[in-house]
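Undergrad: Handing you this structure, nothing more for now.
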Amino acid sequence: MYHREYPITPSQQATNGALSIFVEGCQKNDIRQQLFGLSVLRSATEAQVHAAMPSVQVSQHVTQAEIAAMFAR
């Protein structure tokens with residue numbers, strides 16, 4: 001027997017929180033925290049992630065370029 005995954009697009013609020021968790025995990029070099037944030041972000045749309053960036057930039061004191069670099073690691 002195998003487990004099927006049914007993708008569910010998270011709400012914008014959940015995407016905002018997941019991106020914040022991911023960025024904070026990157027800043028603290030906490031792999032578990034990064035993976036937790038990514039587990040939600042993988043189901044988010046690109047538009048949702050881009051919409052989450054301004055609030056995370058303010059709350060985490062990072063630039064959009066720094067966030068993009070975190071994803072590139």
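No lab work stands behind these numbers, since they all come straight from the coordinates. Only a predicted model underlies this, so the values are computations on that prediction, with no experimental measurement involved. So basically every Cβ, Gly included, is an ideal-geometry build from the backbone, and we count neighbours across all protein chains shown.
Undergrad: By how many nm would the segment from S43 to V58 grow when fully extended, if each residue of separation counts as 0.36 nm and the alpha-carbon distance is taken off?
TA: Numbers: separation 15, 0.36 × 15 = 5.40 nm, distance 2.35 nm.
Contour length minus the Cα-Cα distance gives 3.0 nm.
Undergrad: Whole-Hz ³J(HN,Hα) for each residue in region 42-59, computed from phi via Karplus 6.51 cos²θ - 1.76 cosθ + 1.60 with θ = phi - 60°, x for glycine and proline: what do you get?
TA: Rounded to whole hertz, the list is 5, 9, 7, 7, 4, 5, 5, 5, 5, 5, 7, 4, x, 5, 6, 4, 6, 6.
Undergrad: Nearest 10 degrees, 0 to 90: what angle lies between the long axis of helix 12-27 and the longest principal axis of the chain (Cα atoms)?
TA: Rounded to the nearest ten degrees, it is 60.
Undergrad: Could you order the peptides 61-72, 40-51, 15-26 from most to least packed, using the average number of other C-beta atoms within 10 Å per residue? Provide the component values of the computation, followed by the final result.
TA: Working: 61-72: 12.5, 40-51: 14.6, 15-26: 21.7.
Output ranking for 61-72, 40-51, 15-26: 15-26, 40-51, 61-72.
Undergrad: Using label points projected 7 Å from each Cα along Cα→Cβ, tell me how many nm separate E66 and F36, to one decimal.
TA: Going from the E66 label point to the F36 one covers 2.1 nm.
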